[in-house]
There are 2 protein chains.
Amino acid sequence: MIYDFRNFKSVDNFAFGKGCFNHLEEILDKKRKSSDDYMVYLIDKVFENNPLAKRISLKSSDYIIWIDTTDEPKTKEVDRIRDEIIAKNRKLPAGIIGIGGGSVIDYSKAISMMVTNEGSSAQYQGLDLIKNPGIYNVCIPTLAGTGAEVSMTAVLTGPEKKLGIKCDYTVPNQILLDPELTQGAPLDQRFYTGMDCYIHAVESVSGTWKNHFSDAFAEKSLEMCRKVFLEMEPGLEADELLMVASYMGGLSLTYSQVGVCHALGYGLSYVLGTHHGIAGCIAFNQLEDYYGEHVADFRKMMEKNQIHLPTDICKNLPEEKLDKMAQTAINLEHMWDHALGKQWKQKITKEQIKDLFRRM
Amino acid sequence: MIYDFRNFKSVDNFAFGKGCFNHLEEILDKKRKSSDDYMVYLIDKVFENNPLAKRISLKSSDYIIWIDTTDEPKTKEVDRIRDEIIAKNRKLPAGIIGIGGGSVIDYSKAISMMVTNEGSSAQYQGLDLIKNPGIYNVCIPTLAGTGAEVSMTAVLTGPEKKLGIKCDYTVPNQILLDPELTQGAPLDQRFYTGMDCYIHAVESVSGTWKNHFSDAFAEKSLEMCRKVFLEMEPGLEADELLMVASYMGGLSLTYSQVGVCHALGYGLSYVLGTHHGIAGCIAFNQLEDYYGEHVADFRKMMEKNQIHLPTDICKNLPEEKLDKMAQTAINLEHMWDHALGKQWKQKITKEQIKDLFRRM
């Protein structure tokens, strides 16, 4: 076991279970200190005409910003929304509430920090670069699997790279894990997002930074993902299980790390804009040499859930783009170090990475 | 699943792994705001002439209070130590650091709250009775299994009952889980404390308040306890596993509850002063009717670890004491409700509880 000291910051408060979303109002009311304190909700645009939105009671000068998740979360968009919030209001919000999948959660985590830190969010992509604590942040997932609700990373695509803002301040203050909110999500999205959790857990237990803490969380998370996608039908119970798996998958990365699949997935997202969940699945499907039986299980889960992955997405790509993709992946040194060990540069070359992409 | 909303407070910061205790000084230094800020260490008396104590560097006006854990933690003792701290110093400590098993951790949690709350700690035995937040509290277990490092309960024996102070403020601010600190603990104590974790997990998954959150944590915790006590030899690796199991066992109780065994164990402790860990084992050994296969596994673990439980501890007890014991147990209504369901009074009588005690 490789052990690197980190004094990990937890989510301050968490509530779990069907119906816990009903308690959002009382939770937020405790954070309103004066009558002009207001909250900004960031909600995935797909909920704009959905009953979920009607369950939110806007008080004081609360308002909603609908988030377009067509593209992966971008530093430019974080900066734009932050500027809009600051320009529109005389004072900062009392809290930012993110409601959606991993993209919206990452936006809400990043924007909470960026209203109190100057400059562009692109400056802060990396470890411990944020200077000031952010404002109160609540994250409420409507898809389960990314682990974003519990992780210390807000992954963003910037002008130069796809990389997370990662520090103690990134961790949300409050999470509500209500499986009722994930009902009605398209089944393929539910699958891709769930597989993000599965892949986190596989990478966590397969790497060199693993230890008994990360293993325990990852192993249980794996077991639950297999149960959800091989033995259960989609529904409230399966989704509740998946929410716990996502939470554990996120925590498994606290003392471990993602690996080869995430490095390749970041390459796909950065160059082609492929969404994180599906990018991970496309990459994972080519990684039998690294993750063996786990890839076989993944294919069984695809079959059971009638998922047909896009193929040949890199086939006709110009060499230049392929090169950029491989460079993006190989730059994520911490992932390769974890996956293959300190001597990883002797075990994988940019050319080999390009070959992996060519198969996708 | 029965689900009762609770917005659970997490431990603010946690560090895990061999050697993390070495970082205590830098963690505490961040909490010292002025030169006369000081820390009070509560440390189990067994470490008084032990190398562990020498690893603590006292700064400013820091000092150590050695805690005698011959008896179970008592409200009277909490009050006494609290009064001593207040009388001795012009200002409150900047933090209370508890180093020891579950007893010392419960003392440190309770005293942290009692320096800021008036009256006797006995007034606060129950749910959400504490009025003011406590002072900064760090918990560092030297035995693994109680889950006290992560739970929202500080269990105390008062003049009228054995019951926890339970509220958000009870949860420690910081935990350090360093398996090096549990090396050298007597093997029987290690076993009894480890079984506290095992029994938590069994009670959590066997009751009516269970749900997918509590199940996931309890199931993994059970699996790890079985591995530690049936397949591994005592040592650093096994103890590291047991620390994670303890953490998970504690969290499994967040949305579930303990059950029959803890109710009976509290009865033994209250009347006979039997320590929590061993009391649980003595009770659990008589609970095949409730916990079936789990009791069989428990006996296998006893055998493998050459543990000989005391027998006939209630055999010659006067009827009056037996009655008090059963009354203590039956008063813990939430435990019976969880274990047997809302109609629990139709399923167990005080006479049946006495019979269970008579077998111990």
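The values are calculated or read from the model by the stated rules, or taken from the named source; none is laboratory data. Everything numeric in this text was worked out from a predicted model, so none of it was measured. Cβ placement follows ideal geometry from the backbone for every residue including glycine, while neighbour counts extend to all protein chains displayed.
Things to note:
- Some residue of the stretch B:292-299 being hydrophobic (A, V, I, L, M, F, W, C) and touching a residue at least 12 places away in the same chain (Cβ under 8 Å): yes
- Meeting the requirement of 3 or more residues that are under 30 Å from B:GLN257 (Cα atoms), the strands (runs of 3 or more DSSP E) wholly within the stretch B:1-101 are B:13-16, B:39-44, B:95-100.
- Filtering the stretch A:26-44 to residues that are surrounded by 15 or more Cβ atoms within 10 Å (Cβ to Cβ) and more than 10 Å from chain B (Cβ to nearest Cβ) leaves A:LEU28, A:LYS31, A:ARG32, A:ASP37, A:TYR38, A:MET39, A:VAL40, A:TYR41, A:LEU42, A:ILE43, A:ASP44.
- Check on B:PRO133, without any contact (Cβ under 8 Å) to a residue 40 or more places away in the chain, within 14 Å of another protein chain (Cβ to nearest Cβ) and out of contact with any Lys or Arg (no Cβ under 6 Å at 6 or more places or on another chain): yes
- Residue list for the stretch A:56-70, filter: touching a residue at least 24 places away in the same chain (Cβ under 8 Å) and surrounded by fewer than 13 Cβ atoms within 10 Å (Cβ to Cβ): A:SER57
- Residue that is nearest to the other protein chains (Cβ to nearest Cβ), among those in the stretch B:224-270 that are surrounded by 24 or more Cβ atoms within 10 Å (Cβ to Cβ) and among the aromatic types (Phe, Trp, Tyr): B:TYR255
- Residue identified as part of a strand (DSSP E or B) and not hydrophobic (A, V, I, L, M, F, W, C) among B:GLY194, B:GLY184, B:GLY164: B:GLY164
- Residue match in the stretch A:127-135 (condition: assigned to a strand (DSSP E or B) and either in contact with a Cys (Cβ under 9 Å, 6 or more places away or on another chain) or modelled with pLDDT under 95 (or both)): yes
- Residues that are loosely packed, with under 13 Cβ neighbours inside 10 Å, at pLDDT 95 or above and among the polar types (S, T, N, Q), drawn from the stretch B:273-323: B:GLN306
- Here B:ALA279 clears all of (1) within 24 Å of B:TRP344 (Cα to Cα); (2) within 13 Å of chain A (Cβ to nearest Cβ); (3) without any contact (Cβ under 8 Å) to a residue 40 or more places away in the chain except the condition numbered (2).
- Members of the stretch A:45-54 found to be exposed (fewer than 13 other Cβ atoms within 10 Å of the Cβ) and within 16 Å of A:GLU180 (Cα to Cα), listed by number: A:PRO51, A:LYS54
- The single condition from (1) modelled with pLDDT of 95 or more; (2) surrounded by fewer than 24 Cβ atoms within 10 Å (Cβ to Cβ) that B:MET195 fails is (2).
- Condition check for B:THR146: hydroxyl-bearing (Ser, Thr, Tyr) and under 16 Å from B:LEU253 (Cα atoms): yes
- The set of residues in the stretch A:319-360 that are of a type outside the set (D, E, K, R) and not in a helix (DSSP H, G or I) comprises A:ASN331, A:LEU332, A:GLY341, A:GLN343, A:ILE348, A:THR349, A:MET360.
- Any hit, the stretch B:203-220, residues being under 18 Å from the mean Cα position of the chain (by Cα), part of a helix (DSSP H, G or I), away from every other protein chain (no Cβ under 14 Å) and within 28 Å of A:VAL244 (Cβ to Cβ): yes
- The set of residues in the stretch A:2-25 being under 18 Å from A:ILE96 (Cβ atoms) and more than 7 Å from chain B (Cβ to nearest Cβ) consists of A:PHE21, A:LEU24, A:GLU25.
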